[in-house]
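Reviewing the structure listed below.
The values are calculated or read from the model by the stated rules, or taken from the named source; none is laboratory data. Remember, it's a predicted structure, so these values are computed and weren't measured experimentally. Counting neighbours? That spans all protein chains shown, and the Cβs are built from the backbone with ideal geometry, glycine included. Just the protein is used for accessible areas: all its heavy atoms, side chains included, with ligands, DNA and RNA removed. Shrake-Rupley method; radii C 1.70, N 1.55, O 1.52, S 1.80 Å.
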Amino acid sequence: MRSLKPWARYLLLLVAHLLAMGLGAIVLQALEGPPALQLQTQLQAELSAFQAEHRACLPPEALEELLSAALRAQAHGVSSLGNSSGSGSSSEASNWDLPSALLFTASILTTTGYGHMAPLSAGGKAFCVFYAALGLPASLALVAALRHCLLPVFNCPGAWVAVRWRLAPAQAALLQAAGLGLLVACVFVLLPALVLWGIQGDCSLLEAIYFCFGSLSTIGLGDLLPGHGRGLHPAIYYLGQFALLGYLLLGLLAMLLAVETFSELPQIRALVKFFGPSGSRTDEDQDGILGQDELALSTMPPDPPALEQTTPASASEQSPAC
């Protein structure tokens, strides 16, 4: 397959990607179609029963207007369900308290985007655009700097094991990637899921794992919302919001470290090389922008003061010959 043209390789990659998307859509349609239809039928039955019971005092048009207003408010994260119930905590009276606002900004900067809150005012929407335009590059720079500092630390155990067991470089890289992936899965997915499952009793363990993975992968579908448990003590609610803020930042960094480690595997590099250009690549193409800058700096001629300092030494070396 190495003899294929570059356009044929790219076409093969595109077809494989489209087939994977189609397969995922078929599987999800088969799994989620019947439950969604059942829920829709149940909702229509409950709505019909409610209209039949309260038709005399509540016209159907008024009920539809009320439900439309509630759904429009719910789309912006505003709901009166927690305030009307006796078990709702006072911390849920305002969706824009300090912990919730911090969590909203963290969801913007980490590109998670749960969708549980949205700005209502024109000023808030304009500020979100300005804040994301400046905050996203700053967040990426911070994560890249932390990754550059922490990646050698995580490479040390793998290097020690490779030397101790006398492993080949490919085997050592695979062992290091597997160890880091297992560490990230246990510390940032399984352990937080167990904590969330124990604190918020209205979700199963599978739903808690699904929420943690969706948060760290920045998918944030919004079906499971953070910090919206009913009946939580205000202290637990605020502590959970701040803990989730730190979890998003640290978890995203850990996920990037794991992805970076897996991308350096020889098997992955060989796969990328297969779909790359068939011609020989120069050092500048392989090193990227930063490598080009370093190469340009290393090939620059020395500064004039350095030349002036070396001139007397060379003259003194040649004086005995004269």
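Within the stretch 120-132, is there a residue that is under 18 Å from the mean Cα position of the chain (by Cα) and either part of a helix (DSSP H, G or I) or at pLDDT 80 or above (or both)?
Within the stretch 120-132 (the criterion being under 18 Å from the mean Cα position of the chain (by Cα) and either part of a helix (DSSP H, G or I) or at pLDDT 80 or above (or both)), the answer is yes, since at least one residue qualifies.
If the Cβ limit is 6 Å and pairs must be 6+ apart or interchain, which residue in the stretch 148-166 that is closer than 15 Å to Ala258 by Cβ pairs with which residue that is of a type in the set (S, T, N, Q)?
Sorted first by the residue in the stretch 148-166, then by its partner, the pairs are Gly158/Gln176.
Please find, among Leu245, Leu271, Leu256, Leu265, the residue that is open to solvent by 90 Å² or more (accessible area, probe 1.4 Å), at pLDDT 75 or above and either within 25 Å of Ala172 (Cα to Cα) or under 23 Å from the mean Cα position of the chain (by Cα) (or both).
Leu271
Restricting attention to the stretch 233-242, and to residues there that are open to solvent by less than 80 Å² (accessible area, probe 1.4 Å), more than 20 Å from the chain's Cα centre (by Cα) and touching a residue at least 12 places away in the same chain (Cβ under 8 Å), which single residue is farthest from Thr110 (Cα to Cα)?
Ranking the candidates gives Pro234 first.
Scan Leu11, Leu67 and give me the residue that is more than 26 Å from His116 (Cα to Cα) and open to solvent by 70 Å² or more (accessible area, probe 1.4 Å). Reasoning before the result, please.
Details: Leu67 fails: more than 26 Å from His116 (Cα to Cα).
Answer to the selection: Leu11.
Might you let me know whether the stretch 111-118 holds any residue that is in a helix (DSSP H, G or I), aliphatic (A, V, I, L, M) and open to solvent by less than 70 Å² (accessible area, probe 1.4 Å)?
No, there is no match, as no residue in the stretch 111-118 is in a helix (DSSP H, G or I), aliphatic (A, V, I, L, M) and open to solvent by less than 70 Å² (accessible area, probe 1.4 Å).
Inside the stretch 189-203, can you point out the residues that are open to solvent by 50 Å² or more (accessible area, probe 1.4 Å) and modelled with pLDDT of 85 or more?
Leu190, Leu191, Leu194, Val195, Trp197
Can Phe154 be described as more than 27 Å from Gln74 (Cα to Cα) and either within 16 Å of the chain's Cα centre (by Cα) or at pLDDT 85 or above (or both)?
Judged against the criteria, Phe154 is not a match.
Which of the following residues is over 21 Å from Glu264 (Cβ atoms) and open to solvent by less than 70 Å² (accessible area, probe 1.4 Å): Ala170, Ala177, Ala159, Ala141?
Criteria check complete, one pass: Ala141.
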